[in-house]
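What follows is a single structure, written as structure tokens, with notes after it.
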Amino acid sequence: MRYLILFLMIGLAALHLLWPLAPLRIDPDLGRTLFVELRLPRTLIVIGYGAALGISGAALQALFANPLASPDISGASSGAALGAVLGGYWLGFSQPLALAACGAVGAGAAMLLLLMLAGRRADSATLLLAGLAISLAAGAATSLALALAPSPFAFYDAFEWLMGSVVDRSLGQALAALVPASIACAFLLRRAHALDLIALGEDVAASLGHQPRRMAREIVGLSAVAVGAFVAVAGAIGFVGLVAPVLARRVTRGHPGRAMVPAALIGAILLTLADLAVRAIPLDRPLPIGVLTALFGTPLFLYLIVNMRRSVTS
Amino acid sequence: MTALLAKEVALPGRLSPTDLRIEGGKLVALVGPNGGGKTSLLRALAGVEDATGEVRIDGEKAGGRSEARRRRMLAFLPASRDLGWPIAARDVIALGLGRGDAQRIAELIELFELGALADRPINRLSTGERTRVLVARAMAARPRLLLLDEPFANLEPYWVLRVGAILRVLADGGTLVLVALHDLGQLDRFDRALLIADGAVQMDEAPADLVASERFEEIFRITSAQGGWAIKPADRRSSR
């Protein structure tokens, strides 16, 4: 099953990179330029972003012991967007890496606020409400920051990016997100076993020598870097971080910690598929990829909520 | 034979600094009124966050050890039997072992008669069934000190007796088993009993002596009557 997912991801990545083939054939020089400057960054971003959402979603769900915790629902994505807007339009950063750092700081601030408001062992309702409140507040602050930004065109500039878009990004931008996010994800993966143990309760994990509180701060910080860096480059893309871990746990027989690797692969597959669909749908203007993931993610989100209600009442 | 030495273990606001010395494989009961500190003592010995003090098992300090080492030293069963994730009972037991040890898991599944439940997700089991799985998880790595919070709660009579017998075998084999419990009727199967109230160990006796003492009746506000217990009349208390 795991290998099937891996091969599916590699196949989709190749397809994403090479399809449509025709423009690459016309002229070798143009083909190379097209390949290196347009296709490659886009493929790297969708795969990296999808994987980062999958891993951080799985880690947050394990940490909060709640299948609804995820980068978007915790407010991290909205916080990252606010951070990137403040950095880009108010502090005047244009370096991709500086913007990625602003995104990470914003995501981290949002999640710290969530920890303060809801706590780690919050029930689903509290977690959802606190996350929603943070998302709304961050969204409003983002709009305000754009409306009052020194540049009068800030709103129009940022609109497409805010909806989540991977079009026309440079290789430098892709790497500015990919490198910090990969490092953060590697550290997150080292916590897989401890996150499985936390399923037995924080006290049990502590009795085996782990430090749940320190781990919580670490996971929130690392997820903020992974998600924030990509939001700064490609905007807030929702639902992948929620859905991928849920599917991944079917592969790991319910274990939340070791679900991180399959969640990364599934996240990458979902986002690659979404971007292929965006490119394949013949429209006279590009559809933001975030719109598509929200469109397909919402039904699953609703299914999760109904399922939870059933398990509570039964 | 396990030797437990605890020096000034404490949990701020719940358990005052407590010294404890217990030697040999024994079944030790922790009893006391609600909120008195039974669970806190177990948690402090387990080394949860916020716990202070030093715990030594067979002379070896438990703090700062690796996970693999701590597994062999101690295991803790919390009072909560809730598990959020649909992990199969068999896999929950495996989490008690560092590495999958199929033979040990099969042994525990047989011991706790979990054969029919082994592949069911634990969050779909009844509370009593979950208790059996989680006690098996705690025992899995053969720790020298077992800290069990209410292991008999929610168990049917058969399993109360079976778990009692399993713990007795462990204790006779040299494991030190500390059990917090409410049901005073279980006390006679224990070798020693600690009475914990107001965040401190108040008494430390053989169970029969403990139950017979006046201090015990005073703290619990009950008195033995016709082979059972009755509420202690309030006037006797105020006349003192």
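The values are calculated or read from the model by the stated rules, or taken from the named source; none is laboratory data. Model, not experiment: these values are computed from the prediction. Glycine also receives a Cβ, built like all others from the backbone with ideal geometry; neighbour counts cover every protein chain displayed. These area figures cover heavy atoms from the full protein model, side chains too; ligands, DNA and RNA do not enter into them. Shrake-Rupley method; radii C 1.70, N 1.55, O 1.52, S 1.80 Å.
Per-residue answers, yes or no, for (1) outside any helix (DSSP H, G or I); (2) of a type in the set (Phe, Trp, Tyr):
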| position | (1), (2) |
| --- | --- |
| A:35 | no, yes |
| A:40 | no, no |
| A:44 | no, no |
| A:51 | no, no |
| A:56 | no, no |
| A:60 | no, no |
| A:74 | yes, no |
| A:81 | no, no |
| A:89 | no, yes |
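Residue under question is residue B:184, and the condition is that it be among the hydrophobic types (A, V, I, L, M, F, W, C) and either modelled with pLDDT of 95 or more or buried (at least 19 other Cβ atoms within 10 Å of the Cβ) (or both); does it hold? So residue B:184 fits the description; yes.
Just so you know, in region B:88-110 the residues that are within 12 Å of another protein chain (Cβ to nearest Cβ) and outside any helix (DSSP H, G or I) include one that is nearest to residue B:44 (Cα to Cα), and it is B:96.
When region A:44-81 is filtered for residues that are among the hydroxyl-bearing types (Ser, Thr, Tyr) and open to solvent by 10 Å² or more (accessible area, probe 1.4 Å), only A:78 remains. For residue A:39, the conditions (1) farther than 16 Å from residue A:178 by Cα; (2) of a type in the set (D, E, K, R); (3) without any contact (Cβ under 8 Å) to a residue 24 or more places away in the chain are fulfilled apart from (1). With respect to (1) in a helix (DSSP H, G or I); (2) over 19 Å from residue A:262 (Cα atoms); (3) hydroxyl-bearing (Ser, Thr, Tyr); (4) within 12 Å of the chain's Cα centre (by Cα), the lone exception for residue A:126 is condition (4). Every test in (1) open to solvent by 20 Å² or more (accessible area, probe 1.4 Å); (2) within 29 Å of residue A:66 (Cβ to Cβ); (3) within 13 Å of chain A (Cβ to nearest Cβ) is passed by residue B:85 save one, and that test is (1). As for region A:61-75, it holds no residue that is free of Cβ contacts under 8 Å to residues at least 60 places away in the same chain and touching a Ser or Thr at 6+ places or on another chain (Cβ under 7 Å). Cβ separations smaller than 7 Å between residues 6+ apart or across chains give the following pairs from region A:180-192 residues that are at negative phi to residues that are open to solvent by 60 Å² or more (accessible area, probe 1.4 Å) and outside any helix (DSSP H, G or I): A:192/A:258. Taking (1) open to solvent by less than 20 Å² (accessible area, probe 1.4 Å); (2) hydroxyl-bearing (Ser, Thr, Tyr); (3) farther than 20 Å from residue B:38 by Cβ in turn, residue B:126 satisfies each apart from (1).
Counting only helices (runs of 4 or more DSSP H) wholly contained in region B:137-240, the ones carrying 1 or more residues that are β-branched (Val, Ile, Thr) and more than 18 Å from residue B:22 (Cα to Cα) occupy B:157-172, B:207-212, B:214-220.
Note on region B:196-215: residues that are open to solvent by less than 30 Å² (accessible area, probe 1.4 Å) and over 16 Å from residue B:34 (Cβ atoms) total 4.
One line per residue, one yes/no per condition, for (1) in contact with a helix residue (DSSP H, G or I) (Cβ under 6 Å, 6 or more places away or on another chain); (2) not charged (D, E, K, R):
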site	(1), (2)
A:250	no, no
A:257	yes, yes
A:264	yes, yes
A:270	yes, yes
A:282	no, yes
A:292	yes, yes
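Checked against the criteria, residue A:211 counts as open to solvent by 10 Å² or more (accessible area, probe 1.4 Å), within 21 Å of residue A:115 (Cβ to Cβ) and among the polar types (S, T, N, Q).
Looking at region A:23-41, is at least one residue more than 20 Å from residue A:273 (Cβ to Cβ), open to solvent by 30 Å² or more (accessible area, probe 1.4 Å) and either among the aromatic types (Phe, Trp, Tyr) or under 14 Å from the mean Cα position of the chain (by Cα) (or both)? Looking for residues that are more than 20 Å from residue A:273 (Cβ to Cβ), open to solvent by 30 Å² or more (accessible area, probe 1.4 Å) and either among the aromatic types (Phe, Trp, Tyr) or under 14 Å from the mean Cα position of the chain (by Cα) (or both), one finds at least one in region A:23-41, hence yes.
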